[in-house]
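Worksheet for the structure shown next.
The values are calculated or read from the model by the stated rules, or taken from the named source; none is laboratory data. This is a predicted model, so every value here is computed, not measured. Note that we place each Cβ from the backbone using ideal geometry, even for glycine, and neighbour counts take in every protein chain shown. Surface accessibility is based on the protein's heavy atoms, side chains included, excluding ligands, DNA and RNA. Shrake-Rupley method; radii C 1.70, N 1.55, O 1.52, S 1.80 Å.
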Amino acid sequence: MDIRTLEANLRDVRRRMADACERADRSPDEVRLVAVTKTVDSEVARALIELGVRDVGENRVQEAQQKYEELSGLDIAWHMIGHLQRNKVKYVFRVFEMIHSVDSTRLARAISKRAEFEGREMPALVQVNTSGEESKYGLPAESAVEAIRVMAELPHFRIRGLMTMAPFVDDAETVRPVFVRLRELADEVAGLELEGVEMEHLSMGMTQDFEVAIEEGATLVRVGSALFRGVTD
Ligand SMILES: *Cc1c(COP(=O)(O)O)cnc(C)c1O
């Protein structure tokens, strides 16, 4: 593992985040970096944490559980960012502090039930497929608001915002409308003033497009490859 490169990559990502905040006239405190460690082992993840990263994202429950155990005792928040099966919800509560990827009312119901059992609520973001790509998980933008109304009725389910994944493109500028759409949806939901629903977070932006996402209001950017380029062979 090349620590110097890791450090330089992290510095570069943070600088680009700060520059995007400045362009958008936002305070850098409004945007958190969630380092997506799904492609690296826990030693690399540990190095990143020692460099000051406090939020870590994983997309598979089992792999996250293993890393969580290997990194036990470190003061970090784990974010579940991948598609989640209902039968894995109980494991999620052991590791994660937030789920970004709630993509059905059935999953929301399972989380609510588990939250009641655990006596602990799990902050959740609703994933919206704002680009309409068939391959992507997430609720269709057209039905997201209706689904959120249903989820808001669940007794132990706390919606804290929305999440989306933009399509893969060469020029990040072309996905700007996807992020604008998510922000508009969040504004619409906020306007409904549903109990238990707060539009505190917009989880959007990855390596290819996090700067554009910040310009459009992201509060959580999920960045993986930009951090690990050249770090492992
Ligand atoms: C892998 C992943 C990311 C990070 O992607 P990079 O392009 O490596 O930055 C972000 N969000 C989700 C949901 C992912 O699965």
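Data overview
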quantity: The chain: relative contact order in percent, alpha carbon pairs under 8 Å with at least 6 residues between; calculated: 23
quantity: Of 57, 191, 82, the one that fluctuates the most in a GNM where the chain has Cα springs shorter than 10 Å; calculated: 191
quantity: Residue-averaged [θ]222 nm for the chain, counting only DSSP H segments that reach four residues, each worth -39500 (n - 2.57); calculated: -13000 deg cm²/dmol
quantity: Which of 212, 104, 144, positive extreme of dipole for the chain (C-beta unit charges); calculated: 104
quantity: Rounded, prolate or oblate (a/c below 1.5 giving rounded, otherwise prolate when a/b exceeds b/c) for the chain by Cα gyration tensor; calculated: oblate
quantity: At R0 = 30 Å, FRET efficiency that the Cβ-Cβ distance of residue 69 and residue 180 yields, to 0.05; calculated: 0.15
quantity: Nearest-20 debye value, region 1-114 charge dipole, Cβ charges on Lys, Arg, Asp, Glu; calculated: 740
quantity: About the Cα centre, charge dipole magnitude for region 80-155 (Lys/Arg +1, Asp/Glu -1 at Cβ), debye; calculated: 420
quantity: Heavy atoms of residue 38: accessible area, 1.4 Å probe, square angstrom to 10; calculated: 90
quantity: Where 156, 83, 201, 100 fall by accessible area, highest first, once all protein chains stay in place (1.4 Å); calculated: 83, 156, 201, 100
quantity: Region 1-124: C-alpha gyration tensor shape, a/c 1.5 cut-off, then a/b vs b/c; calculated: oblate
